Every structure is written in structure tokens, then in C-alpha cells.
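Just so it is clear, none of the values below were taken in a lab; they were calculated from the coordinates. Everything quoted here is computed from the prediction, not taken from an experiment. Quick reminder, even Gly has a Cβ in these numbers, built from the backbone with ideal geometry, and neighbours come from all protein chains shown.
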Amino acid sequence: MHENNHSPRGRRSVPLSDLDPALTEISRRVIGCAIETHKELGPGYPIDIYRKALMHELKHEEISHETDKPFKVEFDGEEIGTVTADMYVGDRFLLKLLADSNEVDGGARSELRATLRAADLELGLIINFGQRRLKDGLVRVLNPDALRDDDEYEEEDEHEYAAQAGEE
């Protein structure tokens, strides 16, 4: 782990190079699909429009995904309910989709992190199609329980993702 790698909020962050390369690659492909969706539609539509357009783009790129995927929540070894992910992609990570003109807040991050814990997955992405530039609405959220280190991780990699997808 890189000791001096900190996010703007002072939390330690995990560089993409520390994640499974296959996971990183599929997440970059999904970001590319989201950028194409946003380029075509722009901000301002309801979330359902973006969801359908992104599903179309993922299908076109042959990226497997499920929408409204439920995951069991357990407490003290007992199932107490379920949480639902907007999208479960490639059997590897979760997407939370937004169409909000405001920045992604801590509530959205916490909700996705909790869903990641229930799903026992490392990575989730928040994609906020309501931003003028999509790269301003891309947030990577990691599940600290599924990583090697128990520190709380969170990193906004919109610039790195956008550069990879050719938007910067």
C-alpha cells in the first residue's frame, strides 16, 4: 500500500493498480459506455432515460449486467432484509446511477458502500448523469471489508477514468 497516497478528503486511497486488473478494465469499459451515453444525451433527463441508454450501450459493448439486483443483508448471522443495486456489472461490481445537478454526496457514497458490503464486492461506481461534464459525476467507492487493509477507502477517480476514456 502506498503510504503517501491520500484523497482530497484526507482518507487514504487505493490506486487503480492495486485492484484486480480485470476489474479495473471492465470498470473502465463501463465508464466509456457512460461517457458515450452522456455525450449523446447530455444532462437534464430523468434517471430512467439514462438507465435505459446505458443498458443499451453496455449491451452493444457486450458487457453483462443486471438491473435492480437484490442482495441479502445479514445481521448476527441472520438475514434481516435486502438492498438493491441499480446495476450489477460483469458479476464484479456495482453501479449507482444518479441524474442530479448537485455533486455526489456522502449519503450516496454510504449507500453504495453498504450495498457493496451486502454483495461482498470490492468496487462500486457512482455515475451522476446530471453533471454538465460526466467526469465531474464519476465517483469510485470501495468496500473496505473486501480489501486487504481495514482502513476506510474512497477515491474520486474521475480524472483518471476520464483520461482513460479520452474525455480530458
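Some observations on this one:
- Some residue of the stretch 129-146 being under 20 Å from K72 (Cβ atoms), more than 10 Å from the chain's Cα centre (by Cα) and assigned to a loop (DSSP other than H, G, I, E, B): yes
- Long-range neighbours under 6 Å by Cβ, at least six apart or interchain, first residue free of Cβ contacts under 8 Å to residues at least 12 places away in the same chain and of a type outside the set (F, W, Y) within the stretch 74-100, second outside any loop (DSSP other than H, G, I, E, B) and surrounded by 12 or more Cβ atoms within 10 Å (Cβ to Cβ): I80/V73; G81/V73
- Residue pairs meeting the criteria (Cβ under 7 Å; at least 6 apart or on separate chains; first farther than 16 Å from K96 by Cα, in the stretch 61-72; second assigned to a strand (DSSP E or B)): I63/V89; K72/E79; K72/T82
- Residues satisfying the stated conditions in the stretch 38-49, i.e. in a helix (DSSP H, G or I) and either exposed (fewer than 14 other Cβ atoms within 10 Å of the Cβ) or in contact with a strand residue (DSSP E or B) (Cβ under 9 Å, 6 or more places away or on another chain) (or both): H38, K39, E40, I47, D48
- Within the stretch 101-139, the set of residues being over 20 Å from L41 (Cβ atoms), touching a residue at least 60 places away in the same chain (Cβ under 8 Å) and in contact with an Asp or Glu (Cβ under 7 Å, 6 or more places away or on another chain) is empty.
- The condition of being surrounded by 11 or more Cβ atoms within 10 Å (Cβ to Cβ), more than 16 Å from the chain's Cα centre (by Cα) and in a strand (DSSP E or B) holds for only one of K72, K52, that being K72.
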